[in-house]
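So the structure is just underneath, and the comments pick up after that.
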Amino acid sequence: MTRTVVIAIGGNSLITDKQHQRVPDQYAACAETCHHIAPLLRDPDLRLVITHGNGPQVGFILRRSELASNELHEVPLASCVADTQGAIGFHIQLALFNEFRRLGIERAAATVVTLCLVDRSDPAFEKPSKPIGSFLSKEQAEHHRVADGWDMVEDAGRGWRRVVASPAPTAILELGAVRSLLDAGFVVVAAGGGGIAVVANAAGEITGAAAVIDKDHASSLLARQLGAELFVVSTAVEKVCLAFGTPQQEDIDHMTVAEARHYAAEGHFKAGSMLPKIQAVIAFLEGGGREAIITDPAHVGLALAGKAGTHIVP
């Protein structure tokens, strides 16, 4: 029987550290992750969708745009996200092509430039909170505030940064294309960076929004809309931990949604780290998913065999 699996790969799968941020370094990190994912496709009944983060890459594009603004037009945020979907999708396709060839697997990957609809009345638009781009002087910040309408905040004495909204995703607009590619046997790369945020007007026309969507929440939504049986969140640790980073740290092999909610309420998961992953997993399982796994790239294969990672069930 076929089963559909969505694997969301995190930033550590694309940029390992600040000393390895060049494009060849990014590809090497991506290739390492794909080295662990490709063998899963030996199973002819596995339908696989890969999603990914893009935080550092969007920052790089914005910074280049700022530095070149005296000669060239600046690039809107929605276009920056689209650029990263193409570039990172290219890296994933390239790495999987080579891995499939090495393993003798008759598969191919395709990337879908993915739009993700958000509600223009989402409260997040009233309180932009997601920092993007580089640090600016007070004078530069004021210029962008007046000339471009940017929301700017001072960041712990390090300078001023632009902040944008991070609204909840409501629909993956290329869902039909993703389904068609899966039906044709492709591994599909989709919803990169949480998808390109778009909003609709009263006439139903859509435009790009100055917003970023959480990658894990968008991946969870895509998994639910596809009717996936399994949602895998690939991150920097093999298992979810309680009391992470303390002498009382404890690995979790299995937990239910109720237990995950309980641990989150106790403060075990940090807002900028594990908490959004747990929230995304809960939404997937409450939306009809059968199982979710949180693990690191090196243990993906073992995790799908039930021998590694943290397994969460309804």
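The values are calculated or read from the model by the stated rules, or taken from the named source; none is laboratory data. Computed from a prediction, not measured in an experiment: that's the story for all the values here. Note that each Cβ is placed from the backbone with ideal geometry, even for glycine, and that neighbours are counted across all protein chains shown.
In the stretch 137-153, the residue that is nearest to residue 81 (Cα to Cα) out of those that are among the acidic types (Asp, Glu) and surrounded by 13 or more Cβ atoms within 10 Å (Cβ to Cβ) is 151. In the stretch 154-171, how many are out of contact with any Cys (no Cβ under 6 Å at 6 or more places or on another chain) and either closer than 21 Å to residue 118 by Cβ or modelled with pLDDT of 90 or more (or both)? Of the residues in that region, 9 qualify. The single condition from (1) assigned to a helix (DSSP H, G or I); (2) at pLDDT 95 or above; (3) of a type in the set (Val, Ile, Thr) that residue 49 fails is (1). Residues satisfying the criterion are present in the stretch 52-73 (criterion: surrounded by 18 or more Cβ atoms within 10 Å (Cβ to Cβ), outside any loop (DSSP other than H, G, I, E, B) and at pLDDT 95 or above). Among the residues of the stretch 163-183, those identified as buried (at least 17 other Cβ atoms within 10 Å of the Cβ) and in contact (Cβ under 8 Å) with a residue 60 or more places away in the chain are 164, 174, 178, 181, 182. Scanning the stretch 206-239 for residues that are among the small types (Gly, Ala, Ser) and within 19 Å of residue 58 (Cβ to Cβ) yields 208, 209, 210, 211, 218, 219. Every condition in (1) out of contact with any strand residue (DSSP E or B) (no Cβ under 6 Å at 6 or more places or on another chain); (2) without any contact (Cβ under 8 Å) to a residue 60 or more places away in the chain holds for residue 214 except the one numbered (2). The residue that is farthest from residue 280 (Cα to Cα), among those in the stretch 163-222 that are part of a loop (DSSP other than H, G, I, E, B), acidic (Asp, Glu) and more than 13 Å from the chain's Cα centre (by Cα), is 205.
The residues listed here are 33, 4; of these, the one that is polar (S, T, N, Q), touching a residue at least 24 places away in the same chain (Cβ under 8 Å), part of a strand (DSSP E or B) and in contact with a strand residue (DSSP E or B) (Cβ under 9 Å, 6 or more places away or on another chain) is 4. In the set (1) assigned to a loop (DSSP other than H, G, I, E, B); (2) free of Cβ contacts under 8 Å to residues at least 12 places away in the same chain; (3) more than 30 Å from residue 4 (Cβ to Cβ), residue 143 fails one condition alone, (1). Here residue 84 qualifies as in a helix (DSSP H, G or I), buried (at least 22 other Cβ atoms within 10 Å of the Cβ) and under 17 Å from the mean Cα position of the chain (by Cα). Being closer than 22 Å to residue 223 by Cβ, in a helix (DSSP H, G or I) and in contact with a helix residue (DSSP H, G or I) (Cβ under 7 Å, 6 or more places away or on another chain) is a description that applies to residue 92.
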